[in-house]
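For reference, the structure is listed below as structure tokens.
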Amino acid sequence: MPRVQLAHVPTDDFDDFRFPSPFHEQHQWPRFVNRDIIFGRSVDLEPLHHKYLNDMLVGYGWGRLMDLPEVVYPNLVRMFYTNVELKGRGERIVLKFYLKGKWYTLNRSMLASIFDIELGNQSAYFVSDSDLKDIADSMGDDMLNTIIETICVDRNTPGGHLDAVTPFECYILYFFETEVYLDLPYIIMKEIIRIREAANDSKALGFGAMLTKIFKVFDIDLEGEEIIPTKGPINSISVTSSKISEKIAARDRDRGNPRVAAVVAPPAPADPAPAPVLIPAQYAQFR
């Protein structure tokens, strides 16, 4: 069960139902009160047409992440980022956050249980382009360099998509393809703190729909809270229009992927053999 620590003795100096200290109310809350929120989207792909992507997510233990809540509580999300902090190091890190007069503690195992995902065996996290380049150079892995060039670079070009892929997201894709199981709860917790501590006070707050699920597991009172529905799911049209699945399947047909069989279109039927031409015997000499 989630651990709950009761709040300190109420005081008239600040709103202790919403904040754990006057500092959070006076200095932290103004940083987050007007921030945009990245809601997150469910994934609803047609298994027949995009079997590769579905099976890869399920095989990696991330299948449950394709089914996120369809609502976000924006005020609670901003309050969460105002009052969250990271404790511990390495695999012992925990998130502590304060909501509605109580402290809550969330560790890696609890986060894995909430979303029914595996802990994984690779705890890694970094932010900068230079870190990714150093890793790629040291590994000398063509696949990692290809991911960097075709995804990170292409999607950051001027006039392109605004949802730029970060260096670490490229790194996740690399491990996804090389069958190394990442510790996703560790990554999520580190990313939450990175967002909170970012110097840019206009940075959007991530994991909106995921936080909805966390709030419900901790039985936080949601009555009367503002609700915003998430956008529609990422579906087959989203993936087909980006041609992602076709590129992945084509590459895997060439190099093979032991993890999952890529969807391969059946070969086109061969042209039927021409019917024999019967030539009368008297004309056979002219053949």
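The values are calculated or read from the model by the stated rules, or taken from the named source; none is laboratory data. Worth saying up front: this structure is predicted, and the values here are computed from it rather than measured. Note that each Cβ is placed from the backbone with ideal geometry, even for glycine, and that neighbours are counted across all protein chains shown. Each accessible area value is taken on the protein alone, full model and side chains, heavy atoms only, with ligands, DNA and RNA left out. Shrake-Rupley method; radii C 1.70, N 1.55, O 1.52, S 1.80 Å.
Quick notes
- Per-region count, segment 180-225, residues among the β-branched types (Val, Ile, Thr) and without any contact (Cβ under 8 Å) to a residue 12 or more places away in the chain: 0
- The helices (runs of 4 or more DSSP H) located wholly in segment 171-287 that include 3 or more residues which are modelled with pLDDT under 75 and either out of contact with any Leu (no Cβ under 8 Å at 6 or more places or on another chain) or over 24 Å from Tyr98 (Cα atoms) (or both) occupy 236-242, 244-255.
- Within segment 176-205, the set of residues being of a type in the set (Phe, Trp, Tyr) and either open to solvent by 40 Å² or more (accessible area, probe 1.4 Å) or within 21 Å of Asp55 (Cα to Cα) (or both) comprises Phe176, Tyr181.
- Meets criteria (open to solvent by less than 20 Å² (accessible area, probe 1.4 Å), at pLDDT 95 or above, assigned to a helix (DSSP H, G or I) and of a type in the set (A, V, I, L, M, F, W, C)) for Met79: yes
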